[in-house]
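The values are calculated or read from the model by the stated rules, or taken from the named source; none is laboratory data. In this text the structure is predicted, and so the values were computed from the model without any measurement. Cβ placement follows ideal geometry from the backbone for every residue including glycine, while neighbour counts extend to all protein chains displayed. The area values use the complete protein model at the heavy-atom level, side chains included, leaving out ligands, DNA and RNA. Shrake-Rupley method; radii C 1.70, N 1.55, O 1.52, S 1.80 Å.
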Amino acid sequence: MTDSITVTDNRTGEAVEIPIVDGGVSADELRKLIPGIWISDPSFMTTALASSAITYLDGEGGVLRYRGYPIEQLAERSSYLEVAYLLVHGELPDAAQLQTWTDEIRMHTYLHDNFRKRFLDGFHYDAHPMGMLVSGMAALSTFYPEAKDVTDPAVRRRQIIRMIAKVPTLAAACHRYSVGMPFVYPDNSLSFTENFLSMMWKVAEPRYEPDPVLARALDVLFILHADHEQNCGTLAMRTVGSAHADPYIAASAAAAALSGPLHGGANEQVLRMLASIGHVDNVPAFIADVKAGKGKLMGFGHRVYKNYDPRAKIVKQTADAVFEVTGRNPLLDIALKLEEVALSDEYFISRKLYPNVDFYSGLIYQAMGFPTEMFTVLFAIPRVAGWVTHWQELLEQDAKIYRPRQLYVGRESRDYVPLEQRS
Ligand code: CMC
């Protein structure tokens, strides 16, 4: 058996044999056979966008690995900053490398004071923090004009560090602004996640002491959200990055994509859905409505996973640890019932719809005191590590600008009709 496919153009009888490499066939080879005919793949259902060495995802098997390491092992034994290093550099750091990396990130946690005094001040008091984050990330580009030199690896590395370091500060500032609280400066004696909690919750105490269980739980959630190969947000990062726009602008586009309710915005929608269901007794009626096409079961289903999302399993375990500290989230019973009913229902079984990472994460965030509007921001903070890694890989591969084709189905050429002659 040869690892290849043969495609014949029935109009001419010409054929081309295309090898199967790394699980894919080259559209470029096909193009040689059928010049001027485009491969139609709306929403990229069957397109491999890139060759990537960052994250491995097996949707049928429910497997997720960063740089070869199983997500379960990383969630149990690693920290978010270590995972960010792994993504960016391709290898786990040794002790000295981790220390240097941690110090480098700490050096860059501060935002220019104009953010606090002028930029965020322009928002309405009830502005959604995701909108603030998206614009804030783009605004960072104006503070670091050197970032435009995307061809210089040293410049690229500085921006990668800045982005990972500054996004928690920006995210917390968005929250503090919306609740009318003074901004909290980074406390660089704390860990990455503890510092974020301090910037979120510190009031008048000289030093914020985060609950270690909650800080660890958030760190685990950050690990789980750090990357997920070619998803909608990462595609946006790569698309904008492929035009050699600077990484802040590109990450702002990625965050904009993430905000959508079909993507990272789902975690917010799950909570709204659970609250609107209100009681476990209402679950069967809600599921019947979903099956009748009246809305979706948010936090369920995935383009790639046709099995239990491995991240959702870990989130569920993490929830138990969090609820020991915070008390049980009353919406948990509704979520558990939804999962039980859905996983035994033919509609969901036949479509292979399982809980995804967003199904249980919001329950944890809510129990930890985060307002619902912050949930997608909490997804964006760690995803920055994934975005910048993909951006770096794209530039290292010297990828061409992303520019797909289309199948034109509009009107033929026609002459302009003056306004008075139009009926
Ligand atoms: N509830 C009810 N039906 C669903 C759901 C759902 N959550 N998801 C998919 N379906 C149905 C869909 O209606 C379709 O049915 P039919 O074949 O009868 O038309 C079938 O399942 C296939 O769905 P699809 O929409 O073609 O699948 P997709 O790969 O285009 O969409 C998805 C994937 C994640 C957008 C979708 O499952 C969804 O909207 N889920 C709810 C939103 C959500 O939880 N998003 C977070 C995704 S994970 C985190 C992230 O990536 O950001």
Open item on the list: Here is a list: Phe359, Phe375. Which entry is closer than 30 Å to Ile164 by Cα, open to solvent by less than 30 Å² (accessible area, probe 1.4 Å) and touching a strand residue (DSSP E or B) at 6+ places or on another chain (Cβ under 8 Å)?
Closed with: Phe359
Task: Ala250 more than 23 Å from Leu363 (Cα to Cα), loosely packed, with under 13 Cβ neighbours inside 10 Å and touching a residue at least 40 places away in the same chain (Cβ under 8 Å) - done: no
Open item on the list: I'm trying to understand the selection: among the residues of the range 362-372, which are in a helix (DSSP H, G or I) and open to solvent by less than 10 Å² (accessible area, probe 1.4 Å)?
Closed with: Gly362, Leu363, Ile364, Tyr365
Open item on the list: When you check Val270 against the structure, is it assigned to a helix (DSSP H, G or I), near the ligand (Cβ under 9 Å from one of its atoms) and outside the structural domain of Pro210 (by TED's automatic domain parsing), yes or no?
Closed with: yes
Task: Residue pairs meeting the criteria (Cβ under 6 Å; at least 6 apart or on separate chains; first without any contact (Cβ under 8 Å) to a residue 40 or more places away in the chain, in the range 108-131; second open to solvent by 40 Å² or more (accessible area, probe 1.4 Å) and among the polar types (S, T, N, Q)) - done: none
Task: Within the range 273-287, tally of residues that are away from the ligand (no atom under 12 Å from the Cβ) and either hydroxyl-bearing (Ser, Thr, Tyr) or part of a helix (DSSP H, G or I) (or both) - done: 10
- [ ] Please report, ordered by residue number, the helices (runs of 4 or more DSSP H) entirely within the range 306-352 with at least 3 residues that are assigned by TED's automatic domain parsing to the domain that holds Leu271 and buried (at least 19 other Cβ atoms within 10 Å of the Cβ).
- [x] 310-326, 332-343
TODO: Sort out which residues of the range 262-282 are open to solvent by 30 Å² or more (accessible area, probe 1.4 Å) and either closer than 17 Å to Phe370 by Cβ or of a type in the set (Gly, Ala, Ser) (or both), and write them in order of number.
DONE: Gln269, Arg272, Ala275, Ser276, Gly278
TODO: Please work out if Val213 is out of contact with any Lys or Arg (no Cβ under 7 Å at 6 or more places or on another chain), in contact (Cβ under 8 Å) with a residue 24 or more places away in the chain, open to solvent by less than 40 Å² (accessible area, probe 1.4 Å) and in a helix (DSSP H, G or I).
DONE: no
Open item on the list: Suppose we keep only residues that are open to solvent by 60 Å² or more (accessible area, probe 1.4 Å) and within 7 Å of the ligand (Cβ to nearest atom) within the range 290-305. Which one would you say is farthest from Tyr347 (Cα to Cα)?
Closed with: Arg303
- [ ] Those residues that are within 18 Å of the chain's Cα centre (by Cα) and within 9 Å of the ligand (Cβ to nearest atom), I need them from the range 330-375; list them, please.
- [x] Pro355, Asn356, Val357, Asp358, Phe359
TODO: Would you tally the residues in the range 141-183 being open to solvent by less than 30 Å² (accessible area, probe 1.4 Å), hydrophobic (A, V, I, L, M, F, W, C) and in contact (Cβ under 8 Å) with a residue 24 or more places away in the chain?
DONE: 13
TODO: Spot the failing condition for Glu72; the list is (1) within 27 Å of Arg216 (Cα to Cα); (2) modelled with pLDDT of 95 or more; (3) open to solvent by less than 40 Å² (accessible area, probe 1.4 Å), and only one is missed.
DONE: (3)
Open item on the list: For a quick check of your reading: which strands (runs of 3 or more DSSP E) sit entirely within the range 1-102 and have at least 2 residues that are aliphatic (A, V, I, L, M)?
Closed with: 4-8, 15-19, 63-66
Open item on the list: Condition first: at pLDDT below 95 and either of a type in the set (A, V, I, L, M) or out of contact with any strand residue (DSSP E or B) (no Cβ under 7 Å at 6 or more places or on another chain) (or both). Can you find one or more residues in the range 381-403 that meet it?
Closed with: yes
Open item on the list: Looking only at the range 104-136, filter to residues that are outside any loop (DSSP other than H, G, I, E, B) and among the charged types (D, E, K, R); which one of those is most open to solvent (accessible area, probe 1.4 Å)?
Closed with: Arg118
